[in-house]
Structure formats: C-alpha cells, structure tokens
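Asker: Okay, here's the structure, questions in a sec.
What follows draws every value from the coordinates through simple rules; no lab data is involved. Bear in mind the structure is a predicted one, so any value in this text is a computation, not a measurement. Neighbour counts are summed over all protein chains in view; Cβ atoms, including those assigned to glycine, are modelled from backbone coordinates with ideal geometry.
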Amino acid sequence: MIDSHVHFWKFDPIRDAWITDEMTAIRRDFLPQDFSFYLNENQVEGCIAVQADQSDEETTFLLNLAKENTFIKGIVGWVDLASEKLEESLQKYQSEKLIKGFRHIAEGEETGFLLQEKVLNGIKKLHQFNYTFDILLRQHQLLDAVKLSEKLPDQPFILDHCGKPDLKTNDLKDWKSNISELAKNPNMYCKISGLLTQGSWNLIDEKSIFETLDFVFSQFGIGRLLFGSDWPVMLLGGNYALWLELVSKYVNQFSKEEQKLFFFGNAVKFYKL
C-alpha cells in the first residue's frame, strides 16, 4: 500500500498561520518518525510527501526527509511557476529522482490563478521535464481545473482530495458537473483523500462520504484513483485507522486486482515510483 498524500512539518506559528487555534490537534511538529507508527499498524509500505508551504526551502526539507526515510517513495514539492528562472530550477531538480512533481496551494489564491499566462506557461514547463502537477482547489474553484485540463491535455494532473466537495451543505451540483468534465481527460487522476475534513469535524458521515465516492468512482474508474490520507490534516476529522477502514470497506466491492491498483499500482504508475 502507498499513501499518496502525506504532509510533514516543523510547526512554525507564523509560517503555518493557516493552522488556526481551533486546529489544536495539528499545531505541532509532524515528522517521519510520527508517521512510521501508522505504517507499521496499517501495513502501509510507503508514502508520497506533499508540500504544505510555498517555498524552495520546503522542497529541500521534503527531499532531505525522503533521503533519510526510505518509506517516503517520492515528493511533490513547490516551485515558483511564474518565475523567469523556472526552467533553471527544474533543470537543477532533474538529478533528484525523488522529486516526482509539484503543487501550488491554489485554493488559497483568487479564482483564475492557475490560468494566468505566466502560471500556465510554468505548468507547461513541468511537462517538458516529466513532472506531475497536483491540483489543490476548493469546490467553487473547480472550473479553473477544467479549463487548465483543456488547455494542457497532455500534462499528468492529479486532483487532490476529490476537489474538496462541500460535505457540510451537500450542495454538490457544480462539483459533480466539474468532476465529470475533469474525468474526461485520461491524464487527469484523482486522490481519494481529505474527505474527513470536508464535512463536520469528528462526525463521520459514512453515507455522505460513500455517495461522494460513488460519484468519483463512476467518473474516473478505479484505474485513475489513488488512496491518500492527508495525514496529519485528516486528524482534525478522525484518525488514520478509521479512514483506512472506511475506504477499505468501500472498495471491497472491487476485485482484489482492482483494489491493488487503487492502493498501490496507480500511485506507482502516476508518480513513476
């Protein structure tokens, strides 16, 4: 099993201001030694470490962790997509085989950010260097992902956290329409992750989560979906064993081979592990 979405950080109240007072559970350091417990408990073989801060230092931090901890099979770093020196940076990273792709926390930007000419050209360059791009957007921003996918159909994209459906209101009409459009692109993958924090924290609405999964699986098919936890952020809405149990219960309807793709093979294929 590969967990396709894990974060590590040394907590800094200024840098990590997004971790508010109501998020006490994650206002501390989370490092590989903390995660190794989950690996052993849940037979997880490895993970993909994903950036949580927008800086070159973050990419270096994750890269060093991956070199020290062999269960980190690859990293999704951060790079300034609009920089004039982007090509130079990507060239430099070519020797670091643990870097599989990049992500920008576009959910924190204005709608339209990913479609700005400089950013769009930056994502085009990722493709030239064989890097993936993780798309992190909220439900109301998903049209940007659709347009991005249409403009760059050959770029390997992966949508984080199922596009963050609003499970508090369950008003999912636009979300469904955009997910359907995104799934039409064979180079668009999707992570089954992050759903525990999209509804009311600490109230696991299995019915609502399973209905969301029904739709995502019907659109993408099991060949383009990856298991992910979004640890430690997911601790705000539950715990690791609970999420894994929930997802395992859902995918039980699929064959053993298909389950193996979902938990392992698709991550290996998408991130070239």
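Asker: Starting from the Cα-Cα distance between GLN33 and GLU150, subtract it from 0.36 nm times their residue separation and give me the gain in nm to one decimal.
Answerer: Stretched fully, the GLN33-GLU150 segment lengthens by 38.1 nm.
Asker: Right, here's the next one. Expected output is a single nm value to one decimal: the length gained when fully extending between GLU84 and LYS97, i.e. 0.36 nm times separation in residues minus the C-alpha distance. What is it?
Answerer: So the extension gain works out to 2.3 nm.
Asker: How large is Rg/Rh for region 17-159, to two decimals, with Cα atoms and a Kirkwood Rh?
Answerer: Ratio of gyration radius to Kirkwood radius: 0.98.
Asker: Each residue of region 236-246 in turn: what ³J(HN,Hα) in whole Hz from Karplus with 6.51, -1.76, 1.60 and θ = phi - 60°, glycine and Pro shown as x?
Answerer: So the J values, rounded to whole Hz, are 5, x, x, 9, 4, 4, 5, 5, 4, 5, 4.
Asker: Sticking with this one: Fully extended, how many nm does the chain gain between SER55 and ASN202 (0.36 nm per residue separation, minus their Cα-Cα distance)?
Answerer: Extra length from SER55 to ASN202 when fully extended: 49.8 nm.
Asker: Arranged from highest to lowest average of other beta-carbon atoms within 10 Å per residue, in what order do the peptides 30-43, 237-250, 65-78 appear?
Answerer: Descending packing order for the listed peptides: 65-78, 237-250, 30-43.
Asker: Still on this structure: If you place +1 on the Cβ of every Lys and Arg and -1 on the Cβ of every Asp and Glu, how big does the dipole about the Cα centre of region 21-146 come out, in debye to the nearest 20?
Answerer: So the magnitude is around 500 debye.
Asker: Based solely on C-alpha atoms, express the radius of gyration and the Dmax of region 157-273 in angstrom.
Answerer: Rg, Dmax (Cα atoms, Å): 13.4, 38.
Asker: In debye to the nearest 20, how big a dipole does the chain give about its Cα centre with +1 on each Lys and Arg Cβ and -1 on each Asp and Glu Cβ?
Answerer: 780
Asker: Separate question: So for region 138-191, considering every pair of alpha-carbon atoms, how many percent are separated by more than 14 Å?
Answerer: 46
Asker: Quick one: Karplus J couplings for region 193-207, per residue in order, coefficients 6.51, -1.76, 1.60, θ = phi - 60°, nearest Hz, x for Gly and Pro?
Answerer: Values, residue by residue: 7, x, 6, 5, 9, 8, x, 6, 4, 6, 10, 7, 9, 4, 4 Hz.
Asker: Shifting gears a bit: Starting at the first residue of region 56-73, write each ³J(HN,Hα) from the Karplus equation 6.51 cos²θ - 1.76 cosθ + 1.60 with θ = phi - 60°, in whole Hz, x for Gly and Pro.
Answerer: Once rounded to whole Hz, the list reads 5, 4, 4, 4, 5, 4, 5, 4, 5, 4, 5, 6, 8, 10, 5, 6, 7, 7.
Asker: Using all Cα-Cα distances in region 2-270, what percent lands in each 10 angstrom bin from 0 up to the longest?
Answerer: 7, 31, 39, 21, 2
Asker: Toward the positive end of the charge dipole of region 2-270, about the Cα centre and with charges on Cβ (Lys, Arg +1; Asp, Glu -1), which of MET188, SER89, PHE102 goes farthest?
Answerer: Highest projection toward the positive end goes to MET188.
Asker: Also, I was wondering about something else. Which of ASN130, PHE113, PRO32 sits closest to the plus end of the dipole of the chain, meaning its Cα is farthest towards the positive end, when Lys and Arg get +1 and Asp and Glu get -1 on the C-beta?
Answerer: ASN130
Asker: Scan region 80-174 for trypsin sites (Lys or Arg not before Pro) in coil per DSSP, keeping those whose Cβ has at most 12 other Cβ atoms within 10 Å, and list them by number.
Answerer: Answer in residue order: LYS85, LYS97, LYS168.
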